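The values are calculated or read from the model by the stated rules, or taken from the named source; none is laboratory data. All values reported here derive from a predicted model rather than from experimental measurement. Here Cβ is always computed from backbone atoms with ideal geometry, including for glycine, and neighbour counts include all displayed protein chains.
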Amino acid sequence: MSAFLSWLPFDRFAHPWALALLALLPIVALIARARSRRSRVLHPGAGLARLAGASVRTRLLVLPLVLRVLALAALVLALARPQDVQGLVRTTTEGIALQLVIDRSSSMTETIDIDGRSTTRLDAVKQVASEFIEGNGDDLKGREGDMIGVIAFGSYADTICPLVREHDALLELVGDIRVSPLRSDQGTAIGDAVSLAAARLREAEKEIARGLGDDAARDPGAKPDFSIKSKAVILLTDGRNNRGQIEPLQAAQLCADWGITLYTIGIGGGYTELAGLRIPMGGSLDERTMTQMAVATGGRFFLADDAQSLRDIYAVIDELETTEIETSESVDYTERFPPFAAAGLALLALEVLLSSTWLRRSL
């Protein structure tokens, strides 16, 4: 049937069983032809009439039968209900609006282990953050469909990438994060960075709400392509707040007031090399404050001392902050039977007209 339909100017028959009636049309034609032959009148001069040749009218006496067969074929096709099919797949995502807040102060140049080699804390953080966004084919599945933005901070907090759902440019911008070369930017403004992230998330929610209002005005039953299921900030730092205008706990309270969950990750451990010896680094991490910040928003504090533990932390956050993607498919059928029905009726009318006038058979 699919090979048969491939050359037709429509997509499908709603009642394909009706096409079986086409097989009866040759039988109808043979019966009608046989009846017309039995109705002939024998005449002694019939042979002489045949020698005179057939007139145009005589040659066309079969035309009403042809018209009737064609009319019945068109009506059978109309009965099978040819249709065009137009499918529409709509995907709606109830996802996470997520801000990654990454420390880029000078202490992030200290070394840390990643996959059996040593690298800077910042490079390890960038690599694992990219795996968290894109997925690594193992414990991190990626955050496809989520709105993700990135803020980096030293003494000052900067928006590296606004909240976006397409992550290609985001990944490039994460890879380009560097420790600031300015001496004035070597501090750690944790409170300012978290409050900036919270403000970005709140503004994104307002923009989506405005867009939903426009969609509802056009279609009251419309659902947005993306709606925020929850908002979260992932703060990653190896130090304590010593710059900025806003205290960390004030920023955490701001997150709590706006319904934003704060996950705090402390980078500790690591080592430095001196005279060929690896010397463990002492920690300046303010674990108490970071724990208080997370708890105030319903989040959690994590401590990572190498890249694998950082992956494990992101995997836990992956499980805590899940995204729901709903795919709905609607199909629109356009009826194509009216032309066939009209053609069938027109052919029947023409057959009746010709049979009753010019091509009428004498009894």
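So the values come out like this:
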| quantity | calculated |
| --- | --- |
| Per-region count, segment 103-127, residues of a type in the set (Val, Ile, Thr) and surrounded by 22 or more Cβ atoms within 10 Å (Cβ to Cβ) | 2 |
| Those residues of segment 161-201 which are surrounded by fewer than 18 Cβ atoms within 10 Å (Cβ to Cβ) and part of a strand (DSSP E or B), in sequence order | Pro162, Val164 |
| Selected residue (criterion: farthest from Tyr156 (Cα to Cα)) from residues of segment 219-237 that are modelled with pLDDT under 90, of a type outside the set (Ser, Thr, Tyr) and surrounded by 16 or more Cβ atoms within 10 Å (Cβ to Cβ) | Pro224 |
| Residue in segment 138-153 that is among the aromatic types (Phe, Trp, Tyr), assigned to a helix (DSSP H, G or I) and either surrounded by 15 or more Cβ atoms within 10 Å (Cβ to Cβ) or not assigned by TED's automatic domain parsing to the domain that holds Ala294 (or both) present | no |
| Odd one out for Asp123, checked against (1) over 21 Å from Ala346 (Cα atoms); (2) at pLDDT below 85; (3) not in a strand (DSSP E or B) | (2) |
| Matching residues in segment 233-270 - criterion: being within 24 Å of Glu203 (Cα to Cα), touching a helix residue (DSSP H, G or I) at 6+ places or on another chain (Cβ under 8 Å) and small (Gly, Ala, Ser) | Gly244, Ala251, Ala252, Ala256 |
| Counted residues, segment 238-267 - those being among the charged types (D, E, K, R) and over 16 Å from Ala152 (Cα atoms) | 2 |
| Residue pairs meeting the criteria (Cβ under 9 Å; at least 6 apart or on separate chains; first charged (D, E, K, R), in segment 334-363; second modelled with pLDDT of 85 or more) | Glu335/Arg81; Glu335/Pro82; Arg336/Arg81; Arg336/Pro82; Glu351/Leu70; Glu351/Ala71 |
